[in-house]
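Worksheet: one structure, shown below.
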Amino acid sequence: MMADDLYLGLAWLPPVEDFRAACAALLDGEGEQGAAVRGLARRRLNETQLNRLANTISALREQGRSLAPLTPFKLGIVGNGTLDLIGPALTASAARHGLDLSYVTVPYGAAVQEAVSPDSALNRAGCDAVLIALDHRGLPLRPSQADIDGAEQSVADSVALITAIRQGLRAASGARAIVQTLAAPPEALFGSLDRQVPGAMRRLTDRFNEALAASLDDGDVLFDVAALAQTVGLSTWHSPVQWNMAKLPFAGACLPIYAEHAARLAAAMRGKGGRCLILDLDNTLWGGVIGDDGVEGIVLGEGDATGEAFLSVQRMALSLRERGIVLAVSSKNDEANARKPFREHPEMLLKEDHIAVFRANWDDKASNIRQIAEELNLGLDAMVFLDDNPVERGLVRRELPQVMVPELPEDPALYARTLAAGGYFEAVTVSDEDRKRAEFYQTNAKRAQAKVAATDIEGYLKSLNMEMTVQPFDPVGRARIVQLINKSNQFNLTTRRYDNADIEAFEHDSQVLTLQVRLADIFGDNGMISVIICRPRGAEVWEIDTWLMSCRVLGRGVERMVLNEILLQARERGVKTLVGVYRPTERNGMVKDHYQGLGFTQLSASDSGETEWVLSATAEVPLAPMTVVRQGFLSAAA
């Protein structure tokens, strides 16, 4: 496989058959079409096919058809090139990642005006994010050998322009920005010396990219187009002919990979993406069949081209685990045989302790993947399945279309690169707790196994020796709080999103109750598992503005203990009544009856399904078996 085939051809996706008929079937189908749209988008589509799929999505919208379960996402696009071709490709590519993306563009050369004007069409559109797609021709970046200081100043001016656009958008509409780095032109003036000569274009683009990345400290997102262009080749990325003829900011052949990467970022901003990598064993993690070849006969290790190829797959899996991706195994094998290489082969990089759930049996892999998802308490759309066998891949795609299944080439030397190219684990932030996530889920799987063995639930909960720590928002926890608020979807009563500045403001607002909740038990630290914001609504009344919780701790009485803390703080501050709000989304149906289950009385219900609930601050809450530690409170409730 050549590099162009992998990246420009989106070769990690399976090919598409009879694409026109598939588009027609979408229009002829009945009911919600989002899942079918996503299934087609997850095929290897070229520029023309992406455009046709986007047209089909538009037609479905015009017919008033639901695209559920795709998540609505409105994207603004500003740039200095032709944007009309980018939008449709983004719409189709976003469906691949679970988004129902619509977009608005601005007139050529109007990026700044549209960003800073509160009444502009862009700001009135209510965008979730705005892609700032300016390249080097749209910025005041001036290469110059005669005026080196002026060239350097142009770098600062260019970053300042981007900052002005970002801040204008944030102030006018609250939209977050997705900001591109610059792909350097391939034409060099001094050759290799360009990177050292002040005023040379390559040096200026390097300096701009570094300064731009350093300037994004407020929740806006970096789109590293420079890295993408270098991956496919700068001479491939830039097309002077297409720029001169149509003002295309990059070659048309690069449109699918550009749209794919932009869509990944939008999806990551919505908390979508892989969280668990499920690995096949024979001919995926090692060469050969363990049941036939034995530990001594499988191919794995240094000094052999094939053995090193499989080591690279294991190395990639380990690296993903270190950044918080959960690892699991699904293999058709006798379990005892399947575990032997992990225990006995000296060259194995992966050990049993790295695997959260180990499923080796003769059941079909779709059933095993369902069980792995249930055991980890993760959705199927968070699963990525790596298997060398095309039959197994096809079965899983057919039975579990939510699961992401990369198409692997025949040569195992390319497995790791193909997995990485698929971008299944895209992230827009990373925290210490993200890095610990694999351990969290692994210990959670142990809890689930212990729960099965326990004869009564109360006895099981007591045996966990849980300790819940409650404290107000603070600078230390701020980044994680912002991340949870913007990623949590299932156990999230209102799904209100707040950025870093919002959370900092809540920290300093004495009228607002904020809680960050952590939980530890005998299996380890679960990290921050709940976030609460209560805001005053009239005299002596608090509205629970935000209540979200990690699904990892469901069924352990945490929600009761959190409510008990809210009531304790309310009474301490003279608040008489709590009002809880449930705002339905397509993903938070699990908490529809949350307030009812905690003893609230329903106040109202709207046509959209939003409900309000009320509870007296004197209410008593049945407690759960855990120790509560309060930190950072100034009141008697501390």
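The values are calculated or read from the model by the stated rules, or taken from the named source; none is laboratory data. Bear in mind the structure is a predicted one, so any value in this text is a computation, not a measurement. Cβ placement follows ideal geometry from the backbone for every residue including glycine, while neighbour counts extend to all protein chains displayed. With ligands, DNA and RNA removed, areas are computed over all heavy atoms of the protein, side chains included. Shrake-Rupley method; radii C 1.70, N 1.55, O 1.52, S 1.80 Å.
Which percent, nearest 5, of DSSP beta bridges in segment 235-379 are antiparallel? Mind dumping the intermediate values first?
Numbers: 1 of 11 bridges.
So the antiparallel bridges in segment 235-379 amount to around 10 percent.
Which of the aspartates and glutamates could a cross-linker span from Lys272 if the Cα-Cα distance has to be under 16 Å and same-chain partners fewer than 8 positions apart are dropped?
Asp100, Asp128, Glu260, Asp381, Glu426, Asp434, Glu586
Among Thr181, Pro390, Gly9, whose Cα lies farthest out toward the positive end of the dipole of the chain, if unit charges sit on the beta carbon of Lys, Arg (+1) and Asp, Glu (-1)?
Thr181
For Asp147 and Ala24, compute 0.36 nm times the residue count separating them, minus their Cα-Cα distance, and round to one decimal in nm. It would help to have the intermediate numbers written out before the result.
Details: separation 123, 0.36 × 123 = 44.28 nm, distance 5.88 nm.
The span from Asp147 to Ala24 would gain 38.4 nm if fully extended.
Could you calculate the FRET efficiency of Ala227 with Glu504 from 1/(1 + (r/R0)^6), where r is the beta carbon distance between them and R0 is 30 Å, rounded to 0.05?
Details: r = 31 Å, r/R0 = 1.03.
Efficiency computed from Cβ-Cβ geometry: 0.45.
Please list 600-609, 380-389 highest first by mean number of surrounding beta-carbon atoms within 10 Å per residue. It would help to have the intermediate numbers written out before the result.
Details: 600-609: 11.5, 380-389: 21.2.
Descending packing order for the listed peptides: 380-389, 600-609.
Pulled fully out, how much extra length does the chain show between Glu610 and Glu540, if you take 0.36 nm times their separation in residues and subtract their Cα-Cα distance? Don't jump to the answer; show the numbers that get you there.
Values: separation 70, 0.36 × 70 = 25.20 nm, distance 2.30 nm.
Using 0.36 nm per residue and subtracting the Cα-Cα distance, I get 22.9 nm.
For every other residue with a beta carbon closer than 13 angstrom to the beta carbon of Asp218, add +1 if it is Lys or Arg and -1 if Asp or Glu, then tell me the sum. Don't jump to the answer; show the numbers that get you there.
Numbers: positive: Arg166, Arg170, Arg176, Arg478; negative: Asp217, Asp220, Asp499, Asp502, Glu504.
Taking every other residue near Asp218 into account, the sum is -1.
Indicate, rounded to the nearest 5 percent, the antiparallel portion of the DSSP beta bridges found entirely in the chain. Show your work: numbers first, answer last.
On the way: 32 of 75 bridges.
Within the chain, antiparallel bridges account for around 45 percent of the total.
Loop only per DSSP, at most 14 neighbouring Cβ atoms within 10 Å: give me the GluC sites (Glu not before Pro) in segment 307-399, ordered by residue number. Don't jump to the answer; show the numbers that get you there.
On the way: sites: Glu308, Glu322, Glu335, Glu344, Glu347, Glu352, Glu374, Glu375, Glu392, Glu399; in loops: Glu347.
Listed in order of number, the matching sites amount to none.
Taking the Cα-to-Cβ direction at Val112 and at Ser312 and moving 7 Å from each Cα, how far apart do the two end points lie in nm?
4.7
Using a 1.4 Å probe over the heavy atoms of the protein chains, calculate the carbon and sulfur portion of the accessible area of the chain as a whole percent. Can you show the working numbers first?
Working: 12960 of 26420 Å².
In the chain, the share of accessible area belonging to carbon and sulfur is 49 percent.
Once amide H atoms are placed 1.01 Å from N in the peptide plane, what residues at a sequence separation of 5 or more from Leu519, or on another chain, have their amide H within under 5 Å of its amide H?
Residues meeting the amide H criterion: Thr469, Asn526, Gly527, Ile529.
Would you mind calculating the relative contact order of the chain from Cα pairs under 8 angstrom and at least 6 residues apart, reporting the percent as a whole number? All intermediate terms of the calculation are to be shown ahead of the outcome.
Working: 1161 pairs, mean separation 62.4, N = 638.
For the chain, the relative contact order is 10 percent.
Run the dipole for segment 253-375 about the Cα centre, Lys and Arg Cβ at +1, Asp and Glu Cβ at -1, nothing else charged, and hand back the magnitude in debye, nearest 20. Numbers along the way, then the final one.
On the way: 15 positive and 20 negative charges, 180 e Å.
Dipole of segment 253-375, to the nearest 20 debye: 860 debye.
With the contact rule set at Cα under 8 Å and sequence spacing of 6 or more, what percent relative contact order holds for segment 244-348?
Details: 96 pairs, mean separation 30.5, N = 105.
It rounds to 29 percent for segment 244-348.
Summing Lys, Arg as +1 and Asp, Glu as -1, what charge do residues with Cβ under 13 Å from the Cβ of Glu308 carry, Glu308 excluded?
Numbers: positive: Arg315; negative: Glu302, Asp304, Glu347, Asp411.
Within the 13 Å Cβ shell, the charges total -3.
Quick check: Cα centre of segment 220-292 to Cα centre of segment 15-90, how many Å?
Measuring centre to centre over Cα atoms gives 19 Å.
Scan around Glu407 for amide H atoms under 5 Å from its own, H built in the peptide plane at 1.01 Å from N, and keep only partners 5 or more places away or cross-chain.
Excluding prolines and chain starts, which carry no amide H, the hits are Leu13.
Put a dot 7 Å past each Cα toward the Cβ at Thr429 and Ala619; how far apart are the dots in nm?
Between Ala619 and Thr429, the simple spin-label model gives 3.0 nm.
Could you calculate the FRET efficiency of Asp364 with Glu62 from 1/(1 + (r/R0)^6), where r is the beta carbon distance between them and R0 is 45 Å, rounded to 0.05? Mind dumping the intermediate values first?
Working: r = 40 Å, r/R0 = 0.89.
After rounding to 0.05, the efficiency reads 0.65.
What is the local net charge at Arg176, summed over the other residues whose Cβ is closer than 10 Å to its Cβ (Lys, Arg +1; Asp, Glu -1)? Let's see the in-between values first.
Details: positive: Arg166, Arg170, Arg497; negative: Asp128, Asp218, Asp220, Asp499.
Net local charge, Arg176 excluded: -1.
Identify, among Gly597, Ala94, Leu26, the residue whose Cα sits farthest towards the positive end of the charge dipole of the chain, taking +1 on the Cβ of Lys and Arg and -1 on the Cβ of Asp and Glu, with the dipole about the Cα centre.
Positive-most Cα among the choices belongs to Gly597.
Once the piece of chain linking Leu634 and Ala156 is laid out straight, how much longer is it, given 0.36 nm per residue of separation minus the C-alpha distance between them? Could you put the intermediate results ahead of the total?
Working: separation 478, 0.36 × 478 = 172.08 nm, distance 4.47 nm.
Net length gain for the segment: 167.6 nm.
Please give the residues of segment 242-261, grouped as numeric ranges, whose backbone N is less than 18 Å from a label point set 7 Å along the Cα-to-Cβ vector of Thr82.
Under cut-off, by backbone N: 242-259.
Starting from the amide H of Leu99, placed 1.01 Å from N in the peptide plane, find each other amide H under 5 Å away whose residue is 5 or more places distant or on another chain.
Residues meeting the criterion, in which the H sits 1.01 Å from N, are Thr71.
Using the heavy atoms of the protein chains alone and a 1.4 angstrom probe, what is the accessible area of segment 474-538 per residue in square angstrom?
On the way: 2410 Å² over 65 residues.
Normalised by residue count, the accessible surface of segment 474-538 is 37 Å².
Among [x] 16, 38, 32, 14, 1; [y] 20, 54, 23, 3, 0; [z] 17, 47, 32, 4, 0, only one was calculated for this model; which label is it, if the read-out is P(r) over Cα pairs in 20 Å bins from 0, in percent?
[z]
In segment 504-566, with Lys and Arg counted as +1 and Asp and Glu as -1 at Cβ, which of these residues, Thr514, Met549, Val531, has the Cα nearest the positive end of the dipole, that is, farthest along it?
The one lying farthest along the dipole's positive direction is Met549.
As a test of the formula, what do you get for the chain when each DSSP H run with n ≥ 4 contributes -39,500 (n - 2.57) and the sum is divided by the residue count, at 222 nm and rounded to the nearest 500 deg cm²/dmol?
Details: 26 runs with 268 residues, N = 638.
Computed ellipticity for the chain at 222 nm equals -12500 deg cm²/dmol.
Using a simple charge model, +1 on the beta-carbon of Lys and Arg, -1 on the beta-carbon of Asp and Glu, nothing else, what dipole does the chain show about its Cα centre, in debye to the nearest 20? Mind dumping the intermediate values first?
Details: 65 positive and 83 negative charges, 251 e Å.
Charge dipole, the chain, about its Cα centre: 1200 debye, nearest 20.
So how do 205-217, 126-138 stack up, highest first, on mean other-Cβ count within 10 Å? Intermediate values should be presented prior to the final figure.
Working: 205-217: 16.6, 126-138: 21.5.
So the order, starting with the most tightly packed, is 126-138, 205-217.
How would you order 548-557, 287-296, 473-482 from highest to lowest mean count of nearby Cβ atoms within 10 Å? Write down the numbers at each step before the final one.
Working: 548-557: 20.2, 287-296: 14.9, 473-482: 17.8.
The most tightly packed comes first, giving 548-557, 473-482, 287-296.
For Thr601 and Lys462, what is the calculated FRET efficiency with R₀ set at 41 Å and r taken between the beta-carbons, to the nearest 0.05?
Numbers: r = 31 Å, r/R0 = 0.76.
That pair, Thr601 with Lys462, gives E of 0.85.
For the residue pair Met590 and Gln371, what label-to-label distance in nm results when each label sits 7 Å from Cα along the Cα-to-beta-carbon direction?
Computed distance between label sites Met590 and Gln371 equals 2.1 nm.
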